[in-house]
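Asks: I am attaching a structure below and will ask some questions about it afterwards.
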Amino acid sequence: MFVMKRVVVIAIAAAVLFCLPLLTAGGGTALAAPSPKGSCKGCHADFASVLPKGHPAVKGTGLAACSSCHAPDLAAKKPENAYSVRMHRAHIPPKGKLECTACHSWVPGKSFGLIGRKGSFGKPDKEQMELLKEIFASWASSGYTDSLHAEAGIACSQCHGKGLPTFDDTVENAGCLKCHGPMEELAKKTEPKEFKDRNPHKSHLGDIACTVCHKGHMESKVYCLDCHKQFGMKIQGAAKK
Amino acid sequence: MKGNDQDEVKAGNAGGNVGRRSFLKGALAVGAVATGGFALNMAVPGLAEAAKRPLPKKWDETIDVVVIGSGFAGWSAAAQAAIGGAKAVVIEKMPTYGGNSIINGGVYASYDDKFHYRQKMGLGDDSPELHMQDTLKGGDFFSIPALAKVLAEGATDGLNWMIDDGGAVIRPTVVRAGGHSAYRTHAAGIGKVYVDALKRIAEKNGAQIRLNTAVTWIWRADADPKSPVLGVEVKSGRKISNIKVGKGLILASGGFSRDVKMRGDHYPFLSGENWNCTNHPGATGEMIRFAQSVGADTLQMNYIQLYPYADPETGILDTPALIPFNGPGNGIVYVTKQGKRFISELARRDHVSFAQIGLGPQGKPTYTIFGDDMVEKMGFTKGEIEAGLKKGRLVVGNTIAEVAQKAGLPQDALVETIDKHNKYLAEGKDPEFNKPITKAMLPMTKGPFYAVAQWPAIHHTMGGLRINEHAQVIDIFGEVIPKLYAAGEVTGGVHGTNRLGSNAIPDCVVFGRVAGRNAAKG
Ligand SMILES: Cc1cc2nc3c(=O)[nH]c(=O)nc-3n(C[C@H](O)[C@H](O)[C@H](O)COP(=O)(O)OP(=O)(O)OC[C@H]3O[C@@H](n4cnc5c(N)ncnc54)[C@H](O)[C@@H]3O)c2cc1C
């Protein structure tokens, strides 16, 4: 429910417009039948009903109708990509149930692109693909840091950079601080009134990674509490919804 | 390489009866690594490791010197290995570096320092020989003298190295702490000062660190005395990989105070979860078990130290909890809830801890009383005292009676105790507890005075892997295990029954350097 509320605010267009048939069909869980690859016809007779307000009319029944304008951002240059975020969230659980390959072309270990378009995001093999799917699902709805970002319209590449993240990818502090920094500001915000040295952003452990506490795809935890059990600090992205 | 079936080393029982013969009959072709064959393996039955494990077919990478652990010992070893020309990588399982070292109290025993503070403050004589003797005595002569000697003789050079090459800043004082017969304990406020100095030296010479990476196994083909350790298995996130060790594997993985099973197995009195503990959560004993599984010997695992002065509520060793340790040479006084002394303040940690435990649970907590004029001499700043007051860890009063009242102690009793102690200082004699009185001990005649509450918490594991003075790990038959080194709290035999306070940092730094130097030679 917690996620839903935010989704309604941030991604109302996506949630309602793209998924109307799904939502009415069964609590937003299932597509009747998967569309043929790259075709949207199975669910969307026409696009008029799912387009955001003010969107120019779209011709066609397939992916190309969208991607002719919304070209895949292979170079990860767009600072934000609401189109990509909305499209993904509308079509994967819990809202939709499409396989990646409904829209994406994938040759395991070789390439991963968009059906009908040139270019590749990376070379995920089967194992990597499983991981990506799992993490993508988390991003879409977990309540963890990843989904808080999804709700704000932020996709993988804005934290992970160009290309599909690989197995041991992490996000360096500089990446987080691009939007959330500088660190001194963060430290100011979290400085306790009474005990100024009990500041999670100015730890006695020195320069530590944001990810020590703020986990992307797992439950975030205040590391301080492992020793200082009495501190009673809270963190976003802590609980599963 | 090929072992015939019969000769392969099988997973032994936990407490196993794997004899020397079955050990030595392990796969034979030493040196023909990573091309099949089974690994030496004595894991607990049922664990993944307990399966008859083939050695890795291929290594994911090769590193000259692999150092496990990023505390004093690990960084010292990595620095010295890098200086010796080796590629050195520190592997750390936690998401932050530093282990117990980075939360440590920063007190370092050394007979001298480049500023010669002891001499300049007129605090008497000292020598490495005396430091060694104190170390042996403080551990009831259970230490291996050759190891204690390495510590005492290398301590000063280690300290100056961190100051000169690493930029460590120490405070301008030297204190006399429990169990030491000289003013030789240097203060830096917090262990991070040294960790960062060592890290700087290591990184400046090319060493690297990998966080969030746990060692999950040590690879060795068999227990032949010529058979070296081959590498380690590591786990990072979900990824498991194998690192081949080029020149040496250095275990600097710290003590096991947080390993409830291991500490209870060796010292049943300390079993269970209910003890407070000063250590970081990663202070567990798996590296000791892995090393044992490839033949390493351990000693004195049952000697586990309680820190007598931890925060009674949390068990944390914060700055206020360091005052009772630093202060005896400056005249602080320990009292019970009844406001009475119960031991010589210069007593060893184990004696102070058990004197408190002897008071019974209703005796918790005891207190340290000290005066304002001692603060800087003990190695603290006024700011640290103020912070302690604000957090409620200290109470202050202009008179002893006021301190007593704020701490909830009987006023008359405390006033009488302090008066008596002042008299002992003036007379140079402590008829009650026989504390050796020195001139640096100040009487408490002029306020403000302070009190801090204290109680024992599990703190340090004196036992661990058996090493020689070259930091080489010794196997259960007394032979060196080629390419395997250990340094710091993971080792045993340096401190005997009881580690003297401020002896752990020099232990880690000195043996870390020895291990790093030797490993780099390959
Ligand atoms: C609160 C506190 C205060 C202290 N104050 C003092 C003091 O003032 N003076 C003094 O002399 N001594 C002091 N001591 C003792 C001293 O700090 C320790 O003995 C010392 O820090 C041990 O250093 P080390 O390098 O051996 O291990 P550590 O600093 O504990 O480092 C070992 C590291 O190895 C890592 N590790 C363990 N297993 C694995 C694995 N399987 N894979 C990867 N990494 C692993 C751990 O996570 C840890 O980070 C204090 C101890 C504590 C707890």
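Computed from the coordinates by the stated procedures, all read-outs in this text should not be read as laboratory data. It should be emphasised that the depicted structure is a prediction, and the values quoted were computed from it without experimental measurement. In this analysis, Cβ positions are derived from the backbone assuming ideal geometry, glycine residues included, and neighbour counts consider all displayed protein chains.
Asks: Let me confirm something: among B:Val375, B:Val352, which residue is over 20 Å from B:Ala310 (Cβ atoms), under 27 Å from the mean Cα position of the chain (by Cα) and buried (at least 16 other Cβ atoms within 10 Å of the Cβ)?
Replies: One residue alone meets the criteria, B:Val375.
Asks: Checking B:Ala296 against (1) more than 19 Å from the chain's Cα centre (by Cα); (2) surrounded by fewer than 23 Cβ atoms within 10 Å (Cβ to Cβ); (3) closer than 18 Å to B:Val494 by Cβ: exactly one of these is not met. Which one?
Replies: Failed condition: (2).
Asks: Related question: Pairs only if they're at least six apart or on different chains, beta carbon under 6 angstrom, first in the stretch B:208-228 and of a type in the set (Phe, Trp, Tyr), second crowded, with 19+ Cβ neighbours inside 10 Å and assigned to a strand (DSSP E or B); list them, first residue then second.
Replies: As it stands, the answer is B:Trp217/B:Glu233; B:Trp219/B:Leu230; B:Trp219/B:Gly231, since those pairs meet every condition given.
Asks: Could you grab me the full set of residues in the stretch B:63-122 that are under 17 Å from B:Met162 (Cβ atoms), away from the ligand (no atom under 12 Å from the Cβ), among the aliphatic types (A, V, I, L, M) and touching a strand residue (DSSP E or B) at 6+ places or on another chain (Cβ under 6 Å)?
Replies: B:Ala81, B:Ala82
Asks: Now, a different point. Those residues that are assigned to a loop (DSSP other than H, G, I, E, B) and β-branched (Val, Ile, Thr), I need them from the stretch A:190-222; list them, please.
Replies: Hits for the stretch A:190-222 are A:Thr190, A:Ile208, A:Val222.
Asks: Is it true that B:Ala471 is within 22 Å of B:Leu136 (Cα to Cα) and buried (at least 17 other Cβ atoms within 10 Å of the Cβ)?
Replies: yes
Asks: Of the residues in the stretch B:305-322, how many are in contact with a helix residue (DSSP H, G or I) (Cβ under 8 Å, 6 or more places away or on another chain) and surrounded by 24 or more Cβ atoms within 10 Å (Cβ to Cβ)?
Replies: Adding up the residues that qualify gives 7.
Asks: Something else now. What do you reckon, is B:Ser143 within 11 Å of the ligand (Cβ to nearest atom) and closer than 30 Å to B:Ala520 by Cβ?
Replies: Considered against the rule, which asks whether it is within 11 Å of the ligand (Cβ to nearest atom) and closer than 30 Å to B:Ala520 by Cβ, B:Ser143 comes out as no.
Asks: In this structure, does B:Leu151 turn out to be surrounded by 16 or more Cβ atoms within 10 Å (Cβ to Cβ), in contact with a Gly (Cβ under 6 Å, 6 or more places away or on another chain), among the hydrophobic types (A, V, I, L, M, F, W, C) and not in a loop (DSSP other than H, G, I, E, B)?
Replies: no
So that you can scan it fast, the table gives a plain yes or no per residue for (1) away from chain B (no Cβ under 14 Å); (2) among the basic types (Lys, Arg):
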residue: A:Leu131; (1), (2): no, no
residue: A:Asp169; (1), (2): no, no
residue: A:Asn173; (1), (2): no, no
residue: A:Thr190; (1), (2): yes, no
residue: A:His204; (1), (2): no, no
residue: A:Lys215; (1), (2): no, yes
residue: A:Val222; (1), (2): no, no
residue: A:Asp226; (1), (2): no, no
residue: A:Gln230; (1), (2): no, no
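Asks: A further question on this structure: Can you tell me which residue in the stretch B:473-501 is nearest to the chain's Cα centre (by Cα), limited to those that are within 16 Å of the ligand (Cβ to nearest atom) and of a type in the set (D, E, K, R)?
Replies: B:Glu489
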